[in-house]
Every structure is written in C-alpha cells, then in structure tokens.
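Following: one structure in structure tokens, then a few remarks.
The values are calculated or read from the model by the stated rules, or taken from the named source; none is laboratory data. It should be emphasised that the depicted structure is a prediction, and the values quoted were computed from it without experimental measurement. Cβ sites come from the backbone with ideal geometry, for glycine too, and all protein chains shown count toward neighbours. Heads up: the accessible areas ignore ligands, DNA and RNA and are worked out on the full protein's heavy atoms, side chains in. Shrake-Rupley method; radii C 1.70, N 1.55, O 1.52, S 1.80 Å.
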Amino acid sequence: MRAKQDHLGASPNAGASQPSAGEGGDATVTLELTTAHGLHARPAAKFVALAQESLEGEVESITARNATTGEGPVDADSMLGVLTLGGERGHRIEVSASGPGAEAALQRFVELNDDRFGESE
C-alpha cells in the first residue's frame, strides 16, 4: 500500500488528525473519509466492529459525529447509529473515546481510515 500512496502522493494519516487527549483519559480524532462511497455498509461494519472490540478493553465509551453535517453524536458501536451519520467521501467524522485506552483505540480508527476501510477504490 505504501508504494501506491507514494505514487499517488498520499501520505499516511493524510485524511486524519492525530488523537488528542483531553481530561480524564478522553480523546478525540477527526477522520476525513476517502472511500469512494463514504461510510456505507461495509466500511461502517468495520468501524462498528472496531468500536465494539475497543469497548471490550480499556475504553469506556466511543461516540462518532459527522463534523461536516453536524449529525450525531451516536454510539460508535451501533451500526444503525453510524449509518445515520450519512458519512460521504470528504466528510469529517469526529470520533471520541474515554477511558485509559482511548488514545490507542482512536489510533486504530486512524489506521482503519488510512487503509480506506480495506476498500480498493
């Protein structure tokens, strides 16, 4: 994937900010969606699965909102909630987490977004 990114002039994390910590283990990251069809069913399922997996660890809560349209926040572990955000290509999705593992969990969301949710186009 690195070769393709270099060829296209894309750099890792180009579509995301780095997780920023707040008080009490709270952290937020903003992801710019780069998948062709945004946060549709397949990428949303991966997004929700990652949230559910994170909540089994040291993360107490994860929410998401569409910073572009103002939709949300919704629980990031809810498929219906994530789909209601209406995330389209170029939209900014703000993901917030709380708990001791918040920053690590959000870094995994950055990586998922950087990998374009596993979609080739």
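Collect the residues in segment 51-60 that are touching a residue at least 24 places away in the same chain (Cβ under 8 Å), open to solvent by 20 Å² or more (accessible area, probe 1.4 Å) and not small (Gly, Ala, Ser), keeping them in residue-number order.
Gln52, Glu58, Glu60 - these are the residues of segment 51-60 that are touching a residue at least 24 places away in the same chain (Cβ under 8 Å), open to solvent by 20 Å² or more (accessible area, probe 1.4 Å) and not small (Gly, Ala, Ser).
So, in segment 98-121, exactly how many residues are under 11 Å from the mean Cα position of the chain (by Cα) and not acidic (Asp, Glu)?
10
How do the pairs read when you match residues in segment 64-78 that are more than 14 Å from Thr30 (Cβ to Cβ) with residues anywhere that are assigned to a loop (DSSP other than H, G, I, E, B), using Cβ under 8 Å and keeping only pairs 6 or more apart or on different chains?
Short answer, once both residue conditions are applied: Glu71/Leu85; Glu71/Gly86; Val74/Leu85.
So Glu119 fits all but one of (1) at pLDDT 95 or above; (2) out of contact with any strand residue (DSSP E or B) (no Cβ under 6 Å at 6 or more places or on another chain); (3) of a type outside the set (A, V, I, L, M, F, W, C); what number is the exception?
Glu119 satisfies every listed condition except (1).
What residue, of Thr63, Thr35, is open to solvent by less than 50 Å² (accessible area, probe 1.4 Å), at pLDDT 60 or above, in a loop (DSSP other than H, G, I, E, B) and in contact with a Pro (Cβ under 7 Å, 6 or more places away or on another chain)?
Checking each option against the conditions leaves just Thr35.
What's the number of the only condition in (1) part of a strand (DSSP E or B); (2) surrounded by fewer than 17 Cβ atoms within 10 Å (Cβ to Cβ); (3) among the basic types (Lys, Arg) that Arg42 fails to meet?
Going through (1) part of a strand (DSSP E or B); (2) surrounded by fewer than 17 Cβ atoms within 10 Å (Cβ to Cβ); (3) among the basic types (Lys, Arg) one by one, Arg42 breaks only (1).
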